[in-house]
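Input: a single structure, listed below in C-alpha cells.
Each reported figure results from applying straightforward, stated rules to the coordinates on display, with no laboratory input. From a predicted model like this one, the values you see are computed outputs, not experimental measurements. Note that we place each Cβ from the backbone using ideal geometry, even for glycine, and neighbour counts take in every protein chain shown.
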Amino acid sequence: MLDGEKILITGATGKIAFPIARALARDNEVWGAARLRDQADRDRLIEAGVVPVALDISTGDFSSLPGDFSYVFHAAVDPGAGEWTRCVETNAQRSGDLLYHCRAAKGFVFCSTGSVYGYQGQRPLTESDPPGVPLRANYSFSKVAAEAVCTWIARQYRIPLTIIRICSSYGPQGGAPADRLDAILARRPIRLHPDRPNNYNPVYEDDYVALGIRAMEVADTPPVTVNWAGSETVSVEEYCTYMGELVGVEPIFEYTAEAHTPLWPDVTHMHDVLGHTTVGWRDGLRRMIEARHPELTLSQPDSQ
C-alpha cells in the first residue's frame, strides 16, 4: 500500500476509481478529478477523504491540476456514445496530454479495456493478441489509439507507465455481473454470444483495488501492458445460474450473434506482474448481492 504520496485519480466517482481513491486516501493525499456536476458526488469524495477537483478531461485544460503528483490512476473515459472523433480525442489525445502534464510522476496507470482484442475463439486472450472491432467499436478503437499515444509519450519522456486492460470488474459499485443480476431479478433475458461457454475472469472490488494500486507501483519504462482481471475463469452461464440460485430466480439466456463476444483473458502475465486475486467468484457474487440488495434473503445454492 502506498503511503505519504500525492496521488491523482481521474474518473474518481466511477465504480473502479472511487474504491481505489477511498482506499488510498487513508494514508495519502488523494485528489479525485471528475465532472462533479452533482453535489452528491463532491460530498461523497470529501467523505472518503479525497480532495474533489471539477475536471472535464475532454476539454484538455489541466490548469487546475498541479504537476507534482507522485502517482496517477487515469480512469476518466468517454464511453463512445457520441461522435467517434470526440471519443478518440478524449480517450487518446487528452490522455496523452494528461500523461505529459503529470510527467514527473513515479507511476502512471492508464485504464484501457479488454475489448481492444479481436475475438480469438475458445482460448484466453494474451497481451500480444491483435486488436479487433467489437460491438462498441468507437470506444474500443479509441482505447487502441490511446494505448499507442500514451506508449509513445511515455517512451519519449521516460514516464513510468502501466496500461491495464480491464476485463470484468464488479462489486458493490456495480459491473457486468450486477447488470446481469438485475436482469435475473426482472426476469429479462441475458444476451450472450452463441460461441458458448461465455468465459470471463471477473474481479471483485477488494482485488481490483489491490491490483490498481499495484499497477501504479510497477509502472516502468518501457511501459507495462497487462490484462486486469480475476485469477479464476468462470462462464457467464455458470455464475448467473449461481446468482439465480442465491436469489431464487432462474436466469433466462438468449444467444445471439449481436451479443458481445466472450472476453476471456489470459492472466499469466498479470500473476507475474501484479499478483493473484484472493476473492473467489462465488464469495464475490454473494457479497455483491448482499451489498446491492440487502432486502433479499439469499439461499445456499446446491452448486456451492
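Odds and ends about this structure:
- Take every DSSP beta bridge whose two residues both sit in the chain; close to 15 percent of them are antiparallel.
- Euclidean distance between Cα centres, the stretch 78-114 to the stretch 255-304, Å: 27 Å
- Label of the coordinate-derived value, percent of Cα pairs over 35 Å apart, listed as (i) 17; (ii) 14; (iii) 28: (i)
- Here's the picture: charge each Lys and Arg Cβ at +1 and each Asp and Glu Cβ at -1 in the stretch 197-290, and of Ser235, Pro262, Val218 the one pushed furthest to the positive end of that dipole is Val218.
- Using a Gaussian network model of the chain in which every pair of alpha carbons under 10 angstrom is joined by a spring, one finds that among His260, His271, His293 the greatest mean-square fluctuation is at His293.
- Theoretical gain in end-to-end length, Arg188 to Glu295 [0.36 nm per residue, Cα-Cα removed]: 36.5 nm
- Ordering of 173-180, 9-16 by burial proxy (mean other Cβ atoms within 10 Å per residue, highest first): 9-16, 173-180
- Cα centroid of the stretch 173-201 to Cα centroid of the stretch 24-76, whole Å: 31 Å
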